[in-house]
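Asks: Just passing along the structure, written as structure tokens.
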Amino acid sequence: MLVVAAPAAAETLSIQSADPAAAETNDLFSLAVQSFDGGDGLVWAQAIEAELGAAHFAGQPYFRMIAPESDARFDALVTGTVREAVEETRVIEQRRRCVEYDPADKKKCLKKVDVDIRCRRRLATVATTVRLVAIGDGSVRYSRPFNDRDERTVCPDRSAPQSLEDYFAGVRRSQIAAIRRDLAPRDYRQDIRVDESTKGLTKPAQAAFKAAVRLTKTDQVGACGAWQALTRDVEPTAALAFNLGLCEEMQGDLDAAVDWYGDAQRQGARSSTISEALARVDRYRRALGEWGARKSVMGSD
């Protein structure tokens, strides 16, 4: 997966990356989703079915969704429970109110008192459990509980809070998105900011380095070529090594990227930046490795 030159916002390089699935699903090709236990269980099951059916990696569908009520065979079954609940209690809050105004100036208050107003404390909760069972050996490949809660105090003198329908719909989308991330790998492109430090470079090299930084906005490949050319005349600094690591990662040479990141780390580059880059490369390698193994099995079927 090569990244072609493209304009980017700010001084960044566009990196192709991926996250592997959290669960062991690499050998599961067809899934069925059973209606969840609970009042809105069918709605949840259909939403999960749609989300997993839309999961793609490298431009290809990751799962084939099977209707559980059909006679067709499937590799794994998704089951679960969902409990949506609302509790309301009456509460009293106090407000400072003006009870006497100045006759000569209606905006001036002469006397204030505390008054009680009746409010409602609303607690909305969504408790969900999800489980993925492999049909072949009955092993539980994935099991995760989700618990969300939203507590609001509703009073006559406050703007209306988010409706319960909107809250429950938002939680459903959030939890189902997390399930999709757990069960299937995800590939994506992200913009990573380059290191703009010129520390350790000579004056001429500083000018060339800065020009390359500016070039990232219009020609990322050209910026990488300019940084690479600098290495013929100067020893790579931490910033230059880091940026060259980004360039190699952008062009798909992960081994070379790791070498440059290691060089930047040895020269004192910010540890969080380097650790994030190395972790990102590791996730990408694992996702590509699992995808390659999956394609091999798919090709033999």
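The values are calculated or read from the model by the stated rules, or taken from the named source; none is laboratory data. Here the structure is a predicted model, which is why all the values come from computation and not from measurement. All Cβ positions, glycine included, derive from the backbone under ideal geometry; neighbour counts span all protein chains shown. Areas reflect the complete protein model, heavy atoms only, side chains present, ligands, DNA and RNA absent. Shrake-Rupley method; radii C 1.70, N 1.55, O 1.52, S 1.80 Å.
Asks: Can you find even one residue in region 48-59 that is modelled with pLDDT under 95 and either touching a strand residue (DSSP E or B) at 6+ places or on another chain (Cβ under 8 Å) or surrounded by 11 or more Cβ atoms within 10 Å (Cβ to Cβ) (or both)? If you could, list the steps in order and put the result at the bottom.
Replies: Taking region 48-59 and keeping what is modelled with pLDDT under 95, we get 58-59.
Now drop any that are not either touching a strand residue (DSSP E or B) at 6+ places or on another chain (Cβ under 8 Å) or surrounded by 11 or more Cβ atoms within 10 Å (Cβ to Cβ) (or both), which leaves 58.
Yes, there is a match, as at least one residue in region 48-59 is modelled with pLDDT under 95 and either touching a strand residue (DSSP E or B) at 6+ places or on another chain (Cβ under 8 Å) or surrounded by 11 or more Cβ atoms within 10 Å (Cβ to Cβ) (or both).
Asks: Please give the number of the condition Ala178 fails out of (1) closer than 28 Å to Phe63 by Cα; (2) assigned to a helix (DSSP H, G or I); (3) out of contact with any Asp or Glu (no Cβ under 8 Å at 6 or more places or on another chain); (4) open to solvent by 20 Å² or more (accessible area, probe 1.4 Å).
Replies: (4)
Asks: Okay, next question. Counting just the residues of region 101-110 that are within 54 Å of the chain's Cα centre (by Cα) and at pLDDT 90 or above, which one comes out nearest to Cys155 (Cα to Cα)?
Replies: Restricting attention to region 101-110, the residues satisfying the condition of being within 54 Å of the chain's Cα centre (by Cα) are 107-109.
From what's left, at pLDDT 90 or above: 108-109.
Values: Lys108: 26, Cys109: 24 Å.
For region 101-110, the residue satisfying everything is Cys109.
Asks: Moving to a separate point now. Return the residues of region 107-154 that are touching a residue at least 24 places away in the same chain (Cβ under 8 Å) and either small (Gly, Ala, Ser) or in contact with a His (Cβ under 8 Å, 6 or more places away or on another chain) (or both); say none if nothing qualifies. Give the derivation first.
Replies: The first filter runs over region 107-154 and keeps only residues touching a residue at least 24 places away in the same chain (Cβ under 8 Å), leaving 116-136, 141-142, 144, 146, 148-154.
Answer for region 107-154, where residues must be touching a residue at least 24 places away in the same chain (Cβ under 8 Å) and either small (Gly, Ala, Ser) or in contact with a His (Cβ under 8 Å, 6 or more places away or on another chain) (or both): Ala124, Ala127, Ala134, Gly136.
Asks: Would region 2-24 turn up any residue that is outside any loop (DSSP other than H, G, I, E, B), modelled with pLDDT of 95 or more, of a type in the set (D, E, K, R) and out of contact with any Lys or Arg (no Cβ under 8 Å at 6 or more places or on another chain)?
Replies: no
Asks: Still on this structure, please answer the following. Evaluate the following for Ser159: is it open to solvent by 40 Å² or more (accessible area, probe 1.4 Å), in a strand (DSSP E or B) and of a type in the set (Gly, Ala, Ser)? Write out each step before concluding.
Replies: Numbers: open to solvent by 40 Å² or more (accessible area, probe 1.4 Å): yes; in a strand (DSSP E or B): no; of a type in the set (Gly, Ala, Ser): yes.
In short, no.
Asks: Checking Arg131 against (1) open to solvent by less than 80 Å² (accessible area, probe 1.4 Å); (2) under 26 Å from Leu42 (Cβ atoms), only one condition comes out false. Which one?
Replies: Checking Arg131 against (1) open to solvent by less than 80 Å² (accessible area, probe 1.4 Å); (2) under 26 Å from Leu42 (Cβ atoms), the one that fails is (1).
Asks: On to the next question. Of all residues in region 60-111, which are surrounded by 16 or more Cβ atoms within 10 Å (Cβ to Cβ) and not in a strand (DSSP E or B)?
Replies: Narrowing region 60-111 to residues surrounded by 16 or more Cβ atoms within 10 Å (Cβ to Cβ): 62-63, 65-66, 68, 74-80, 82-84.
Within region 60-111, Tyr62, Phe63, Ile66, Pro68, Phe74, Asp75 meet the criteria.
Asks: Of all residues in region 82-106, which are over 30 Å from Asp37 (Cβ atoms) and touching a residue at least 40 places away in the same chain (Cβ under 8 Å)? Walk me through how you get there before you give the answer.
Replies: Initial filter on region 82-106 (over 30 Å from Asp37 (Cβ atoms)): 90-106.
Once the filter is applied, which keeps residues that are over 30 Å from Asp37 (Cβ atoms) and touching a residue at least 40 places away in the same chain (Cβ under 8 Å), region 82-106 yields Val91, Glu93, Arg95.
Asks: Checking the conditions here, which among Gly138, Gly170 is open to solvent by less than 30 Å² (accessible area, probe 1.4 Å) and small (Gly, Ala, Ser)? Spell out how you get there, then give the answer.
Replies: Values: Gly138 fails: open to solvent by less than 30 Å² (accessible area, probe 1.4 Å).
Of the residues listed, the single one that is open to solvent by less than 30 Å² (accessible area, probe 1.4 Å) and small (Gly, Ala, Ser) is Gly170.
Asks: Quickly run through region 199-225 and pick out the residues that are of a type outside the set (S, T, N, Q), open to solvent by 20 Å² or more (accessible area, probe 1.4 Å) and outside any helix (DSSP H, G or I). Steps first, answer last, please.
Replies: Initially, region 199-225 is screened for residues of a type outside the set (S, T, N, Q), giving 199-201, 203-205, 207-215, 217, 219, 221-225.
Those still in the list that are open to solvent by 20 Å² or more (accessible area, probe 1.4 Å) too: 199-200, 203-204, 207-208, 210-211, 214-215, 217, 219, 221-222, 225.
Residues satisfying the conditions are Lys199, Gly200, Lys217, Asp219.
Asks: Hey, any hits in region 179-194 for a residue that's over 23 Å from Leu31 (Cβ atoms), of a type in the set (D, E, K, R) and over 29 Å from the mean Cα position of the chain (by Cα)? Full working, then the answer.
Replies: Pass one, region 179-194, residues over 23 Å from Leu31 (Cβ atoms): 189-194.
If we keep only those that are of a type in the set (D, E, K, R) as well, we get 189, 191, 193.
From what's left, over 29 Å from the mean Cα position of the chain (by Cα): none.
No.
Asks: Which condition number in (1) more than 17 Å from Arg180 (Cβ to Cβ); (2) free of Cβ contacts under 8 Å to residues at least 60 places away in the same chain; (3) open to solvent by less than 80 Å² (accessible area, probe 1.4 Å) is the one that Ala45 fails?
Replies: (1)
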